[in-house]
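J.: Can you keep this structure in mind? I'll have questions shortly.
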Amino acid sequence: MNAPVLGGEKKLVPFNSTSFSAHIPELDGLRGLAILLVIICHYVASAGHGSLGFWPSRMLDALAAGWSGVDLFFVLSGFLIGGILLDARDAPHYFRAFYLRRVFRILPIYYLWIILFVGVVISGLAFLPGKLPVTRQDLFRVPIQLLFLQNFFIGMPHFQWVWFVVTWSLAIEEQFYLLAPPLVRFLSSRSFVVVLISTLAVAPLLRFLLFRYWAPGTYFCAYLMPCRADALSCGMLLAVAWRQHWVRELLRKHAAVLRRIFVFLLLGVATLLWWLAHPINLVTVTIGFSWLALFYGTLLLTLVSQPNSGIAAIMRWKPLRWLGGVSYCVYLLHDAFNYFAHAIFLHAQPQIYNLQGLGVTLLALGLTLAVAAISWRYLEKPLIRLGHRHPYWNGAPA
């Protein structure tokens, strides 16, 4: 537990010696930023806007890099979930508490979304034959979604794609939840850090091999969990580092250096922007994903180590924190709501090049936020409280 790391006198202290899992408001805002980037990608960059002219259209195309909000979610998940596991690694109810809390947080709303899909398909077949683009084969998608295997089976008809495509990242998260707890529980501190650093190195190599040799022309290099494990590992590595007193002191004394690193990584993102806006390419799958993990990891570290900074103040902005609170439901619904709103009102694909398209897009966003707010208040928040009735430690308060 106290094996030295990277030489010298600095050592890894026992992870559970102090609890660092207290609520950090800036990270709510960071989660809000992540979902805002995804919304911009799907509602603006992915919508029809060619009629606006060459340069306006190209500028909006660049916003497609907002998909990287998913990578920010991965880094955040690694930091927060990893931190919880590190603090509770010796708890007597370690596995039971973790998985029950995840079940109450993730499954109810996700399975309700699947049930709604089944209801729409069956209703379309029974009452509106030929009116909705659904078939009996759509029901075969349900077991894949229930078992979180959608990142292995990405190819699907358009209706399924609209409803479920965003859930590939949820599958990665669930697979991460299966692997992370035993690694934290059973590996020594030193071995765990070695695994995380190795993952940072291996993930881009695996993406390259899949992209170039093993599965060219597919999305496996972007959608398989091992291929995106560098972002999750980056977050977990930051969780380990943040629990070391010497790391926090180093960050306090050299705050300006961290800001310079952040600016350097931001300039790198700007340099890679063309490739990031068209993500399945050699540059993005080798350098881009890893660069984003480091960039968002540095942003996260800046927020937790410099709470008085201007960027931390932005992340504490109440609307952004609220958006972060409802981000899970927003993420599940937003793309489908946008598609169906345009299909119902304009009988067209999502578009923003005229006032009608812009109005329907804003309507879809408003409906998404309204449903997410209701879901959070009356479903998700009460379920989270139920999940937290299962403590990690004997005698711990619920």
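J.: Would you mind getting me the FRET efficiency between Leu363 and Leu52? Use the beta-carbon distance for r and R0 = 30 Å, nearest 0.05.
T.: Given R0 = 30 Å and the Cβ-Cβ separation, E is 0.90.
J.: Report the one residue of Trp161, Met236, Met225 whose Cα lies farthest in the direction of the positive end of the charge dipole of the chain (charges on C-beta: Lys and Arg +1, Asp and Glu -1; origin at the Cα centre).
T.: Toward the positive end, the furthest listed residue is Met236.
J.: Another question about this same structure. What order, most packed first, do the peptides 326-332, 389-395, 22-28 have when packing is the mean number of other Cβ atoms within 10 Å of each residue?
T.: Packing proxy ranking, top to bottom: 326-332, 22-28, 389-395.
J.: What base-10 log of the normalised intensity I(q)/I(0) is obtained for segment 250-331 from the Debye formula, alpha carbons as equal point scatterers, at q = 0.17 Å⁻¹?
T.: -0.85
J.: Using label points projected 7 Å from each Cα along Cα→Cβ, tell me how many nm separate Leu178 and Ile115, to one decimal.
T.: For Leu178 paired with Ile115, the spin-label model returns 2.4 nm.
J.: State, to one decimal in nm, how far the label point of Phe186 lies from the label point of Phe152, with both points 7 Å from Cα in the Cβ direction.
T.: Each label point lies 7 Å from its Cα, and together they span 2.1 nm.
J.: Okay, next question. Nothing charged except the Cβ atoms of Lys and Arg (+1) and of Asp and Glu (-1): what's the magnitude of the dipole of the chain about its Cα centre? Round to the nearest 20 debye.
T.: On the way: 30 positive and 14 negative charges, 154 e Å.
Here the size comes out at about 740 debye.
J.: Same structure, new question: Work out the FRET efficiency for His245 and His93 from their Cβ-Cβ distance, taking R0 = 30 Å, and round it to the nearest 0.05.
T.: Approximately 0.60, to the nearest 0.05.
J.: Working only with C-alpha atoms, what are the Rg and Dmax values of segment 18-387, expressed in angstrom?
T.: 20.9, 67
J.: Please list, ordered by chain and number, the residues whose modelled amide H lies under 5 Å from the amide H of Gln351; skip anything fewer than 5 residues away on the same chain.
T.: When sequence neighbours closer than 5 places are left aside, the close amide H contacts are Gly48.
J.: Follow-up. Using mean Cβ contacts within 10 Å as the protection proxy, how do 297-308, 363-374, 67-78, 264-275 order, highest first?
T.: Highest mean packing first, the order is 67-78, 297-308, 363-374, 264-275.
Each reported figure results from applying straightforward, stated rules to the coordinates on display, with no laboratory input. All values reported here derive from a predicted model rather than from experimental measurement. A quick note on method: Cβ atoms are made from the backbone with ideal geometry, for glycine too, and the neighbour counts reach across all protein chains shown.
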